[in-house]
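No value in this document is a laboratory result; all are computed from the given coordinates. Here the structure is a predicted model, which means the values were calculated and not measured. Backbone-built Cβ (ideal geometry, glycine too); neighbour counts: all protein chains shown.
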Amino acid sequence: MDAYREKRGRWQEAIVRYLSSIYPGLSEAVVASSFNSALSVRQYLNAPDGAVYGFAPTPPPTIWSNPFRSPRTAVSGLYLASAYAGFGGYTGVVQSAGVCADMILRET
Ligand SMILES: Cc1cc2nc3c(=O)[nH]c(=O)nc-3n(C[C@H](O)[C@H](O)[C@H](O)COP(=O)(O)OP(=O)(O)OC[C@H]3O[C@@H](n4cnc5c(N)ncnc54)[C@H](O)[C@@H]3O)c2cc1C
């Protein structure tokens, strides 16, 4: 962890130094900063392997095949609308919510 923090600190300094060369005075104006990595994403969000989306949002094998994830759960009447139930990111969340709403309207 010490080596990780030291390397992360060097990156953080290097980025601010570079930006300051383009925007003079930037480094003096910084009052707080943080540098997040895959480890941060894993620690804060418990995302597997620190993946921002929690998984690799790979496209389906064909455009005709449905996504393999679903808001349906093993518990009857319990649905989970989430990026994990569809595709990654905000678009995936919204699509998953739409699919979830359709399921509920169809099944109740
Ligand atoms: C740094 C970063 C940048 C990103 N940038 C983008 C971007 O630019 N564009 C984009 O499309 N996507 C981006 N994403 C991905 C996007 O944020 C996620 O895909 C999306 O927020 C997932 O939504 P969700 O509702 O499935 O899960 P989340 O937004 O993670 O919501 C899950 C909720 O459940 C709560 N929770 C967890 N466990 C429990 C429990 N036991 N009891 C009660 N509550 C619980 C959590 O606190 C959280 O509020 C980014 C992600 C990260 C980490």
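Calculate for the chain the 222 nm mean residue ellipticity that helices alone would give, adding -39,500 (n - 2.57) per DSSP H run of length 4 or more and normalising by residue count, nearest 500 deg cm²/dmol.
On the way: 4 runs with 52 residues, N = 108.
The helix-only estimate for the chain comes to -15500 deg cm²/dmol at 222 nm.
For the range 53-108, what does the relative contact order come out to in percent, with C-alpha contacts under 8 Å and a separation of six or more? If you can, show how the numbers build up before the last one.
Details: 62 pairs, mean separation 16.5, N = 56.
Dividing the mean separation by the residue count of the range 53-108 yields 29 percent.
So, R0 is 30 Å and r is the distance between the beta-carbons of Ser27 and Thr91; what FRET efficiency does that work out to, to 0.05? Before the final figure, lay out the partial values.
Details: r = 36 Å, r/R0 = 1.19.
Plugging the Cβ-Cβ distance into 1/(1 + (r/R0)^6) gives 0.25.
Calculate the FRET efficiency for Phe35 and Phe55 from the Cβ-Cβ distance with a Förster distance of 41 Å, rounded to the nearest 0.05. Before the final figure, lay out each step's value.
On the way: r = 24 Å, r/R0 = 0.58.
Using R0 = 41 Å, I get an efficiency of 0.95.
What is the sum of charges around Phe35, taking Lys and Arg as +1, Asp and Glu as -1, for the other residues whose C-beta is under 14 Å from the C-beta of Phe35?
+3
So what's the gap between the Cα centers of the range 54-108 and the range 12-45, to the nearest angstrom?
35 Å
Once phi is turned into θ = phi - 60°, what whole-Hz ³J(HN,Hα) does the Karplus curve with 6.51, -1.76 and 1.60 give for every residue of the range 92-101, x standing for Gly and Pro?
So the J values, rounded to whole Hz, are x, 5, 5, 4, 4, 5, x, 4, 4, 4.
In nm, what is the difference between 0.36 nm times the number of residues separating Glu107 and Arg17 and their Cα-Cα distance?
Values: separation 90, 0.36 × 90 = 32.40 nm, distance 5.74 nm.
That pair, Glu107 and Arg17, stretches by 26.7 nm at full extension.
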